[in-house]
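Chemist: Mind having a look at this structure? Questions to follow.
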Amino acid sequence: MNSFIKKSVIFGSLGLLICLLFYQFAIDPKVDANTISKTLKDPSIMNSKNGVVVGKKDAPLTIVEFSDYGCGACNVLKKNFDSINFYSKYIESGKVRYIFKDVPATSHFNAEEASIASLAAQKQDKYWEMHNLLFQKSSEWSSAEKGFGIFGKYANQLNLNISQFNRDVQAEDLSGRLSKTREEFKKMQFLGTPVLIIGKTQIIGAPSKKELESVIEKELAKSLK
């Protein structure tokens, strides 16, 4: 009987630990940044056409981000990117090619709709404007009625053609694009967002602005040797 109780306690504890880890990393991945330098499982991901790309094709450093508009840690990372003037300092200067890959979690309310709304905005050359707005307004749309209604409001705010936007959010090609980035995420065996791949350095979670800039500078220096 004592042996049975011990086994039950052990298996119960393991089950609880697995549930906690799943919640922490898959459902609510607000984790401290964990920097890992290692060989990528699939180096071709750095040249993948899946996702939204900005920056010069021949930029010395490529940065890939897997993100979710409904993820709190992803929102923190976005703010840290802004705080180091990432766009002007690294992208406009030609130093970095940046690839943003949407992997909305099904547990994040309206997150998939948010990703599709951003891709629909891209069809009218307003991707980054919608991208920024979605992070800024995440607390609003994540508690709004399910569907694309709230995102139509943002499309109107950005002066998009609303009729086209409403057609585009229903188009299968945008859902297909999300499927491809999710497949890549799964192939890389990542558990939660955000994930940054800066050159050969992987960062799981949201690094501080100091760490973020430090890693970018180090990987940039390596790529220029």
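Residues are listed down the side, and each one gets a yes or a no for (1) outside any helix (DSSP H, G or I); (2) of a type in the set (Asp, Glu):
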position: PHE66; (1), (2): yes, no
position: ASP82; (1), (2): no, yes
position: SER93; (1), (2): yes, no
position: PHE100; (1), (2): yes, no
position: TRP128; (1), (2): no, no
position: LEU134; (1), (2): no, no
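Chemist: Something else now. Does SER175 satisfy the criteria of being of a type in the set (Ser, Thr, Tyr), in a helix (DSSP H, G or I) and either loosely packed, with under 14 Cβ neighbours inside 10 Å or on the phi > 0 side of the Ramachandran plot (or both)? Let's see the steps before the verdict.
Modeler: Values: of a type in the set (Ser, Thr, Tyr): yes; in a helix (DSSP H, G or I): yes; either loosely packed, with under 14 Cβ neighbours inside 10 Å or on the phi > 0 side of the Ramachandran plot (or both): no.
It is false that SER175 is of a type in the set (Ser, Thr, Tyr), in a helix (DSSP H, G or I) and either loosely packed, with under 14 Cβ neighbours inside 10 Å or on the phi > 0 side of the Ramachandran plot (or both).
Chemist: I've got another one for you. From ILE116, ILE150, which residue is in the same structural domain as GLU183 (by TED's automatic domain parsing), among the aliphatic types (A, V, I, L, M), more than 15 Å from the chain's Cα centre (by Cα) and in a helix (DSSP H, G or I)? So that I can check it myself, show each step before the final result.
Modeler: Working: ILE116 fails: more than 15 Å from the chain's Cα centre (by Cα).
The conditions single out ILE150.
Chemist: Residues in the range 172-189 that are touching a residue at least 24 places away in the same chain (Cβ under 8 Å) and out of contact with any Asp or Glu (no Cβ under 9 Å at 6 or more places or on another chain): how many?
Modeler: Here is the first cut: in the range 172-189, the ones touching a residue at least 24 places away in the same chain (Cβ under 8 Å) are 174-175, 177-178, 180-182, 184-185, 187-189.
Still in the list and also out of contact with any Asp or Glu (no Cβ under 9 Å at 6 or more places or on another chain): 180, 185, 189.
Residues in the range 172-189 being touching a residue at least 24 places away in the same chain (Cβ under 8 Å) and out of contact with any Asp or Glu (no Cβ under 9 Å at 6 or more places or on another chain): 3 in total.
Chemist: Only residues that are touching a helix residue (DSSP H, G or I) at 6+ places or on another chain (Cβ under 8 Å) and part of a helix (DSSP H, G or I): list them for the range 188-219, please.
Modeler: Across the range 188-219, the qualifying residues are LYS209, LEU212, ILE216.
Chemist: Quick one: what pairs do we get from the range 93-113, first residue without any contact (Cβ under 8 Å) to a residue 12 or more places away in the chain, second among the hydrophobic types (A, V, I, L, M, F, W, C) and in a strand (DSSP E or B), C-beta under 6 Å, 6+ apart or different chains?
Modeler: none
Chemist: Against the condition surrounded by 15 or more Cβ atoms within 10 Å (Cβ to Cβ) and assigned by TED's automatic domain parsing to the domain that holds LYS153, how does GLN202 come out, does it pass? Quick ask: steps written out before the conclusion?
Modeler: Values: surrounded by 15 or more Cβ atoms within 10 Å (Cβ to Cβ): yes; assigned by TED's automatic domain parsing to the domain that holds LYS153: yes.
When the stated conditions are applied, GLN202 passes them.
Chemist: For the range 145-166, which positions are surrounded by fewer than 14 Cβ atoms within 10 Å (Cβ to Cβ) and among the β-branched types (Val, Ile, Thr)?
Modeler: Matches in the range 145-166: ILE162 only.
Chemist: Now, a different point. Taking into account only those residues within the range 89-105 that are in contact with an Asp or Glu (Cβ under 7 Å, 6 or more places away or on another chain) and either among the aromatic types (Phe, Trp, Tyr) or modelled with pLDDT under 95 (or both), which is nearest to LYS209 (Cα to Cα)?
Modeler: The selected residue is PHE100.
Chemist: Quick test for you: out of ALA121, ALA155, pick the one residue that is in the same structural domain as LYS79 (by TED's automatic domain parsing), under 20 Å from PHE66 (Cα atoms) and at pLDDT 95 or above. Show your work before the answer.
Modeler: On the way: ALA155 fails: under 20 Å from PHE66 (Cα atoms).
Just a single option satisfies the conditions, and that option is ALA121.
The values are calculated or read from the model by the stated rules, or taken from the named source; none is laboratory data. Note that the structure is a prediction, hence the values are computed from the model and not measured. Because the Cβ atoms are built from the backbone with ideal geometry, glycine has one as well, and the counts that use them run over all protein chains shown.
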